[in-house]
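Q: One structure coming up, written as structure tokens, with questions to follow.
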Amino acid sequence: MLKADCVDGARMTTPDLDGEERATVEEITAMLPHFEKSRGNLIPILQCIQESHSYLATVAIEMVAEHLCISPSEVYGVATFYNQFRLHPPGKHQFKVCLGTACHVAGGDIILENFERKLGIKDGETTPDREYSIERVACVGCCALAPVAVVDDTVEGHIQPSRVEGIFVQFQVEREREEREKTGRESGE
Ligand code: FES
């Protein structure tokens, strides 16, 4: 049964949202009326939001809770229970570390720890500059190469901690080159 104080679209006028949040709010406000206010629609709604936004922002969780007249913590509980949902925006570079059985046995957890330590974030998180994100995944289908990590779209087999360091050096070099090119374009060289 619906609570009497359920409100639709109330956040449309919230003044302290940044541009990205405002766009998210507007899209979700337009989307939610397509879903009946039924608790059974929680997962389909979350899937729909994730499909269009790549992750579930805090404001999205609050809006879904409001629409279904349930608490944000209940929505959050469901979103964290299922691996398919992300609570952080994906980074420009995404590291997926396999912790399926073969990779776990071969030291996949050590590789994950190396990525986490290097970036100062945990599994499922994204660096504040949105450059990198890390997530653990189940078997990616190349167990003979265990331990395995997928860096963007590239499979890194038999990955060792020293290779983790090498990957960051590569990205750093690439970033510096892009910055030099950008500076060159801006100065008309
Ligand atoms: S367990 Fe990692 S690729 Fe299969």
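Readers should treat all values here as calculations from the given coordinates under stated rules, not as data from a laboratory. Keep in mind it's a predicted model, so treat the numbers as computed, not measured. Cβ placement follows ideal geometry from the backbone for every residue including glycine, while neighbour counts extend to all protein chains displayed.
Q: In the stretch 56-130, which chymotrypsin sites (Phe, Trp or Tyr not before Pro) are in a loop and have at most 15 other Cβ atoms within 10 Å, using DSSP for the loop call?
A: Hits after loop and neighbour filter: Tyr82.
Q: DSSP loop trypsin sites (Lys or Arg not before Pro) in the stretch 57-115 with at most 16 other Cβ atoms within 10 Å of their Cβ, which ones?
A: Lys92
Q: Could you state the number of Å between the C-alpha centres of the stretch 82-119 and the stretch 16-36?
A: About 30 Å separates the Cα centre of the stretch 16-36 from the one of the stretch 82-119.
Q: Note down the magnitude of the dipole of the stretch 19-81 about its Cα centre, charges +1 on Lys and Arg C-beta and -1 on Asp and Glu C-beta and zero elsewhere, to the nearest 20 debye. Could you put the intermediate results ahead of the total?
A: Values: 3 positive and 9 negative charges, 40 e Å.
Approximately 200 debye in magnitude.
Q: Further, regarding this structure: Under the rule of -39500 (n - 2.57) per DSSP H run of 4 or more residues, summed and divided by the residues of the chain, what mean residue ellipticity at 222 nm is obtained, to the nearest 500 deg cm²/dmol?
A: Here the helix-only value at 222 nm equals -15000 deg cm²/dmol.
Q: Let me ask another. In the stretch 124-156, what GluC sites (Glu not before Pro) fall in a loop by DSSP, with at most 16 other Cβ atoms inside 10 Å?
A: Of the GluC sites (Glu not before Pro), the ones in loops of the stretch 124-156 whose Cβ has at most 16 other Cβ atoms within 10 Å are Glu131.
Q: Sticking with this one: With a 10 Å cut-off between alpha carbons and a GNM built on the chain, which of Gln170, Gln160, Gln50 moves the most?
A: Answer for the Gaussian network model of the chain: Gln170.
Q: State log₁₀ I(q)/I(0) for the chain at q = 0.09, 0.11, 0.19 Å⁻¹ as given by the Debye formula over alpha-carbon point scatterers of equal weight, solvent excluded.
A: Values, matching the q order: -0.46, -0.64, -1.17.
Q: Sticking with this one: With a 10 Å cut-off between alpha carbons and a GNM built on the chain, which of Ala146, Ala23, Ala106 moves the most?
A: Greatest mean-square fluctuation among the candidates belongs to Ala23.
Q: Mind pulling up the Rg/Rh value for the stretch 95-153? Radius of gyration and Kirkwood radius, both on Cα.
A: Details: Rg = 11.1 Å, Rh = 11.3 Å.
That ratio is 0.98, to two decimals.
Q: Run through every distinct alpha carbon pair of the stretch 78-189 and return the Kirkwood hydrodynamic radius in angstroms, one decimal place.
A: Numbers: mean 1/r = 0.0667 Å⁻¹.
Value: 15.0 Å, from the Cα pair sum.
Q: What's the exposure ranking of Ile49, Ile121, going from fewest to most Cβ atoms within 10 Å? Let's see the in-between values first.
A: Values: Ile49 24, Ile121 18.
Ascending Cβ contact count within 10 Å gives the list Ile121, Ile49.
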